[in-house]
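Some notes on the structure that comes next.
The values are calculated or read from the model by the stated rules, or taken from the named source; none is laboratory data. Note that the coordinates shown come from a computational prediction; the quantities given were computed from them, not determined experimentally. Here the Cβ positions follow ideal geometry from the backbone for every residue, glycine too, while neighbour counts run over all protein chains shown.
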Amino acid sequence: MTDVTSKLPTRGYRNISRRSAEFRVFFGLFFVVAIPFATIAWVQAVAREKTLLTRGPLARAWAEADRITPIVFSV
């Protein structure tokens, strides 16, 4: 029996970029909204761990926006 699931035909399928202009706009909005919350979480982490070797507020906000935006587009 032939295994047809290992290589599906790609003809006729459009390569849709998930990083469209609309995706970037929503990502930017979520990033800006996440910055204050990420800053509060960062200050709490610095106070709790007493070190500055944690991820900064911008990295936290970027990760949060990168996590939320695909969820919005999957609906």
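At-a-glance table
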| quantity | calculated |
| --- | --- |
| Residues of region 45-62 satisfying the condition of being more than 14 Å from Ala34 (Cα to Cα) and aliphatic (A, V, I, L, M) | Ala45, Val46, Ala47, Leu52, Leu53 |
| Checklist (1) surrounded by fewer than 12 Cβ atoms within 10 Å (Cβ to Cβ); (2) at pLDDT below 90; (3) more than 16 Å from the chain's Cα centre (by Cα) applied to Val75, failing item | (3) |
| Cβ-Cβ under 6 Å pairs, at least 6 apart or on other chains, region 38-63 side part of a loop (DSSP other than H, G, I, E, B), far side surrounded by 10 or more Cβ atoms within 10 Å (Cβ to Cβ) | Thr54/Ala45 |
